[in-house]
Amino acid sequence: MYTIGQVAKFLGVSRDTLKFYEEKELVKPKQNMENGYRNYNRFDIYDIATVNFYREMDIEIKKIQELRKSKSVEGIKALLEEKEQEVLEEIEYKKLMLKKLQMIKEDCEKIEQFSGTYTVREMKPLEIKGEIEHINSYDQYETLKENMDSLKKAVTLTSLRRVIRFNDEGILEEKFLIVRRVEDSPKEMEGEILSHPKCMYTIIEDGRWATGGKNIDQNVEANLRKAALSNGYKLLGLVYINQLLTTYEDGLERIFLEMYAPIK
C-alpha cells in the first residue's frame, strides 16, 4: 500500500490533483479508519495513471468519468477517434494561424520597402467570393463571414478589396469585393478569377494619425496620375486597395493600404 505523498511523488502529480480525482470518483483509495490516511494499492495507481493519460490528451473529466464507470474497448476507440478528429482540426487551425502570421510579417516588409514609392507589379489572381456595397454595410457582414478565409470566422477586413473606378473627371464608383487569394486555396475555384499582370503598385498611409481623419482619395488619385504620367503609363481607370496592417501612434491608428492600379 502507498500513501498519498508516495503516489504524488511517484506519478508526478500534486496531492490536490489526487484529492480532485477522488472527489470526481476517478480513483477510490481505501481510508485508514484509525488515522484517516488514504491508502493506495497498485490498481489505484493504474487508475490515476490512466486518468493522467486522458487528461494529457485534454479529454474532459465528464468523459473520463464515463470511462471509469463502464466503457468497452470499442467505446474507448470511438472516444479516441473523436479526440483524434479534434486534434486534426486544431492542427489545421494552427497551420492557418502560422500562415497568417507569416503573411503579416511579409506585409511589414512590404511597408518598409514600398511605402511612398511607385513600381510595376503583377496583381496575383484573386477568387471573387462575394460583394458588399460599402465598408459600413454592416448588415452585409454575414456574407463576409461566410465567404472569407479566416481563423475563427471573426469579421476581418483583410478579405476585402476596395475597388474604385474612375475617369479623367474623377471617381465614378466604388465597391468592396470579398476575395481569396488563388494561391492559398487548394480547392477548385468556384467564383470569378480576378487578375491583372501589370499594375502600378504603391503603399499609402491612412488613419487619423497621418490624415487627421480627412478623406485622402483625391490626393491619392492625383499622385497616382502624376506617377503614371511621369513613367509613361496609361491607367485603365481601376484601383484595387487592400488593407495591409494597422498600428498605432499616440493612440491614433495608422492604416497601411496597398494599391494596385492596372496599366497598359
> When both residues are 6+ apart or on different chains and their Cβ atoms are under 8 Å apart, which pairs have a first residue that lies in segment 207-221 and is under 17 Å from residue 169 (Cα atoms), and a second that is surrounded by fewer than 16 Cβ atoms within 10 Å (Cβ to Cβ) and basic (Lys, Arg)?
Replying inline: none
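Each row is one residue, and each column tells you yes or no for (1) at pLDDT 90 or above; (2) at positive phi; (3) of a type in the set (Ser, Thr, Tyr); (4) surrounded by 12 or more Cβ atoms within 10 Å (Cβ to Cβ).
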{"residue": "112", "(1), (2), (3), (4)": "yes, no, no, no"}
{"residue": "115", "(1), (2), (3), (4)": "yes, no, yes, yes"}
{"residue": "121", "(1), (2), (3), (4)": "yes, no, no, yes"}
{"residue": "126", "(1), (2), (3), (4)": "yes, no, no, yes"}
>> Among (1) of a type in the set (Asp, Glu); (2) on the phi > 0 side of the Ramachandran plot; (3) in contact (Cβ under 8 Å) with a residue 60 or more places away in the chain, there is one condition residue 107 misses while meeting the rest; what is its number?
In response: (2)
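Can you name the residue in segment 8-44 that is of a type in the set (Ser, Thr, Tyr) and in contact (Cβ under 8 Å) with a residue 12 or more places away in the chain and, of all such residues, is surrounded by the fewest Cβ atoms within 10 Å (Cβ to Cβ)?
Let us first name the residues in segment 8-44 that are of a type in the set (Ser, Thr, Tyr), namely 14, 17, 21, 37, 40.
So of that shortlist, the ones also in contact (Cβ under 8 Å) with a residue 12 or more places away in the chain come out as 21, 37, 40.
Values: 21: 23, 37: 14, 40: 23.
If we take residues in segment 8-44 being of a type in the set (Ser, Thr, Tyr) and in contact (Cβ under 8 Å) with a residue 12 or more places away in the chain, then 37 is surrounded by the fewest Cβ atoms within 10 Å (Cβ to Cβ).
Would segment 77-85 turn up any residue that is within 28 Å of residue 174 (Cα to Cα) and either surrounded by 12 or more Cβ atoms within 10 Å (Cβ to Cβ) or in contact (Cβ under 8 Å) with a residue 40 or more places away in the chain (or both)?
Initially, segment 77-85 is screened for residues within 28 Å of residue 174 (Cα to Cα), giving none.
No, every residue in segment 77-85 fails to be within 28 Å of residue 174 (Cα to Cα) and either surrounded by 12 or more Cβ atoms within 10 Å (Cβ to Cβ) or in contact (Cβ under 8 Å) with a residue 40 or more places away in the chain (or both).
Kindly check whether there is at least one residue in segment 228-250 that is assigned to a helix (DSSP H, G or I) and surrounded by 16 or more Cβ atoms within 10 Å (Cβ to Cβ). First the steps, then the outcome.
Kept after step one, since they are assigned to a helix (DSSP H, G or I), are these residues of segment 228-250: 228-231.
Filter again for surrounded by 16 or more Cβ atoms within 10 Å (Cβ to Cβ), leaving 228.
Scanning segment 228-250 turns up at least one residue that is assigned to a helix (DSSP H, G or I) and surrounded by 16 or more Cβ atoms within 10 Å (Cβ to Cβ).
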>> Checking the structure you have, find out if any residue of segment 244-261 is without any contact (Cβ under 8 Å) to a residue 40 or more places away in the chain and under 18 Å from residue 117 (Cβ atoms).
In response: no
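The values are calculated or read from the model by the stated rules, or taken from the named source; none is laboratory data. As the structure is a prediction and not an experimental result, all values here were calculated from the model. Glycine also receives a Cβ, built like all others from the backbone with ideal geometry; neighbour counts cover every protein chain displayed.
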